[in-house]
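A.B. asks: One structure follows; several queries about it will come next.
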Amino acid sequence: MSEGPVMSGAEPFFLRGNDTGVLLSHGFTGTTQSMRYLGEALHRLGYTVSAPRLKGHGISPAAMAKSTAGDWVASVEDALNELRPQCKRIFVGGLSMGGVLTLYMAAKHAGVFAGAFPINAVVHVDSPDLAGLAFDRNAPPVIPGVGSDVKDPATKELAYPEVPVPAIKELFALIAVTRELLPRVACPTLVLQSREDHVVPPANGKTIVSLVGASRAELVWLGNSFHVATIDHDKDRIVAEVHRFIQSVLAS
């Protein structure tokens, strides 16, 4: 059954390049718009890039309210299955909850990925108010959105203006499971973290680096962006850091 029409700019994209693939995931209530700059830049550098639309996203908060963490994982796994026959090596990266999915995928498919690069990922939310809504039978159906935390005034994220409350418990479940799986992330890992982030506590960056099982895990701080760093002032730095990371892994 169709979820409904997809918003313009929220469509999945696949950019065919060489035999090194990059799988990109957008974040909670967000869309592929937040990954397009990075994806197109990586494609210009030669890589094959896939950015799926997570189920329930890019349509309406009502559609998202019917989706689950399992659906979001399946959206990324389906894209991986499409990418694998075309690429010898695959890297995975994502923003915010997309960074959580990045770490989940790297842990669950440990032999598949050559490297992982979560961007402002979250493994601890540190928000009792948000957690308190997860199983509250009296909670409202929606709360104000968390999208478009961007420092650049000329940029706006394409994201839902509201968060469907049923999706909150799905988010917390995904975060909790992924945190438990972090020791199974064995591939080289590049953690990109904004120093000033109004959605995810910046301490997540250090936590991820300390908990992943990879022998190579590095943390790069982004000093001129808020949460949606992939479309913010540091977007070109992210491209450069990811390209450097990929090339260093391929050369090792």
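The values are calculated or read from the model by the stated rules, or taken from the named source; none is laboratory data. Here the structure is a predicted model, which means the values were calculated and not measured. Heads up, the Cβs are rebuilt from the backbone with ideal geometry, glycines too, and the neighbour counts pull from every protein chain shown.
A.B. asks: Please work out if residue 31 is among the hydroxyl-bearing types (Ser, Thr, Tyr), under 11 Å from the mean Cα position of the chain (by Cα) and in a loop (DSSP other than H, G, I, E, B).
C.D. replies: Taking the combined requirement at face value, the residue satisfies it.
A.B. asks: For residues that are in contact with a helix residue (DSSP H, G or I) (Cβ under 7 Å, 6 or more places away or on another chain) and either more than 14 Å from residue 157 (Cβ to Cβ) or among the aromatic types (Phe, Trp, Tyr) (or both), scanning just region 209-234, find the one that is surrounded by the fewest Cβ atoms within 10 Å (Cβ to Cβ).
C.D. replies: The extreme case among them is 219.
A.B. asks: Restrict the check to region 64-82 and report whether at least one residue is among the β-branched types (Val, Ile, Thr) and modelled with pLDDT under 95.
C.D. replies: Taking every residue of region 64-82 in turn, none turns out to be among the β-branched types (Val, Ile, Thr) and modelled with pLDDT under 95.
A.B. asks: Additional query: Can you name the number of the only condition in (1) under 25 Å from residue 249 (Cα atoms); (2) over 14 Å from the mean Cα position of the chain (by Cα); (3) of a type in the set (Lys, Arg) that residue 66 fails?
C.D. replies: (1)
A.B. asks: Identify, by number, the condition in (1) out of contact with any Ser or Thr (no Cβ under 8 Å at 6 or more places or on another chain); (2) surrounded by fewer than 21 Cβ atoms within 10 Å (Cβ to Cβ); (3) not basic (Lys, Arg) that residue 124 doesn't meet.
C.D. replies: Going through the list (1) out of contact with any Ser or Thr (no Cβ under 8 Å at 6 or more places or on another chain); (2) surrounded by fewer than 21 Cβ atoms within 10 Å (Cβ to Cβ); (3) not basic (Lys, Arg), residue 124 breaks only (1).
A.B. asks: Filter region 57-89 down to residues that are polar (S, T, N, Q) and part of a helix (DSSP H, G or I) and give me whichever is surrounded by the fewest Cβ atoms within 10 Å (Cβ to Cβ).
C.D. replies: For region 57-89, the residue satisfying everything is 81.
A.B. asks: Can you name the residue in region 176-207 that is buried (at least 21 other Cβ atoms within 10 Å of the Cβ) and β-branched (Val, Ile, Thr) and, of all such residues, is nearest to residue 235 (Cα to Cα)?
C.D. replies: 191
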